[in-house]
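**Q** Have a look at the structure that comes next, please.
The values are calculated or read from the model by the stated rules, or taken from the named source; none is laboratory data. Quick caveat, the model's predicted, so the values are computed rather than measured. Methodologically, a virtual Cβ is constructed for each residue, glycine included, from the backbone with ideal geometry; neighbour enumeration extends over all protein chains shown. Ligands, DNA and RNA are stripped out before the accessible areas are found, and what is left, the full protein with its side chains, is counted by its heavy atoms. Shrake-Rupley method; radii C 1.70, N 1.55, O 1.52, S 1.80 Å.
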Amino acid sequence: MANPSSRQDLIDYCLRKLGHPVLEINIDDDQIEDRIDEAFQFYRQFHFDAVEFVYLKQEVTASEITISGLNSASFSLGEKIVGQTSGAYTFQYLSSAANKIQCKGTVGTFVAGETITGLTSSTTATFSSITLGNYDNKYFELSEAVVGVERVIPFSARTRGMDLFDVRYQLLLNDLYSLQSIDMIYYSQVKTQLNLINDLLVGQKPIRFNRHQNRLYVDMAWETDVAIGEFMIVECFRILDPSQFTSIYNDYFLKRYATALLKQQWGINLKKFEGVQLPGGVTLNGQKIYDEATQELSDLSEEAQNTYQLPIDFFVG
């Protein structure tokens, strides 16, 4: 039979490995699905082939207020908008539609149905709802497939360009005017020194990420470090989708681990009938099947952590 290329192919392979159809494998379909899910969970946690290193772009977005009773263009750009009941406030960034206000710098929680007032234009409207952007949230929503984040890189016109008085611009202007006269040793030393100064005085943006929240918090001054519409580039590890990359189902380690899990479940089920004699004098021995599977899982777990797991990053200082 061809190599497994789908979830059902993997299940069929594991059952054949345990003796099906010669033997009846006493496992419920729901139990099979649970053990396959568990196998994938372990595989993604400890096997480097289960994830990929990618760069994801995240746009800095404004919050959006939905109003009724008035055209949003009546508010002045940049004015402070205050909720008369809640006391919450925000600042208009853009009027995107008749009943939509793009805003930033939101403080407090608006109440549905309350009157909001623009302090500059004295315009009033009825507040319906608000969707906070990541500029106000101070975090980015990431996909559930992201399991780890390395760092973030600001990417905008300000970071792409060089100021006339930037030391990097002056270095390129004065030392790289001719490809035939470049002292690469000197250039490398200067670049290394500039990077060291940048790391010491500026550094990278501190980040906090937990895969169960799917939120990437960036601890920076959002008001000055980024602007709405700019992008942050996220260096991260993302789970490979087996439905897209079907060769994952044929991974040698995954097949063995999934088979061992199903074998352990089979043993757990059979242990309930330990000592029962079947026609022909056959006696069920679920405990032995369970013990064998448990040992196999232990060996595979050790193999994964010693062979397939990405090495731990150490801090040296």
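**Q** With 18 Å as the limit, write out which pairs from LYS57/LYS191; LYS57/LYS100; LYS263/LYS288; LYS104/LYS138; LYS17/LYS255; LYS57/LYS205 have Cα-Cα distances beyond it, or answer none. Provide the component values of the computation, followed by the final result.
**A** Details: LYS57/LYS191 27 Å; LYS57/LYS100 25 Å; LYS263/LYS288 11 Å; LYS104/LYS138 11 Å; LYS17/LYS255 10 Å; LYS57/LYS205 16 Å.
From the list (LYS57/LYS191; LYS57/LYS100; LYS263/LYS288; LYS104/LYS138; LYS17/LYS255; LYS57/LYS205), the Cα-Cα distance tops 18 Å for LYS57/LYS191; LYS57/LYS100.
**Q** Let me ask something else. Roughly how many percent of the accessible protein surface of segment 28-97 is carbon and sulfur, given a 1.4 Å probe and a whole-percent answer? Please report the intermediate quantities before stating the final value.
**A** Values: 1600 of 3570 Å².
Whole-percent figure for carbon plus sulfur exposure: 45.
**Q** How high is the FRET efficiency from PHE245 to LEU77, r the C-beta distance, R0 41 Å, rounded to 0.05? Numbers along the way, then the final one.
**A** Working: r = 47 Å, r/R0 = 1.15.
Step by step, r from the Cβ atoms, then E = 0.30.
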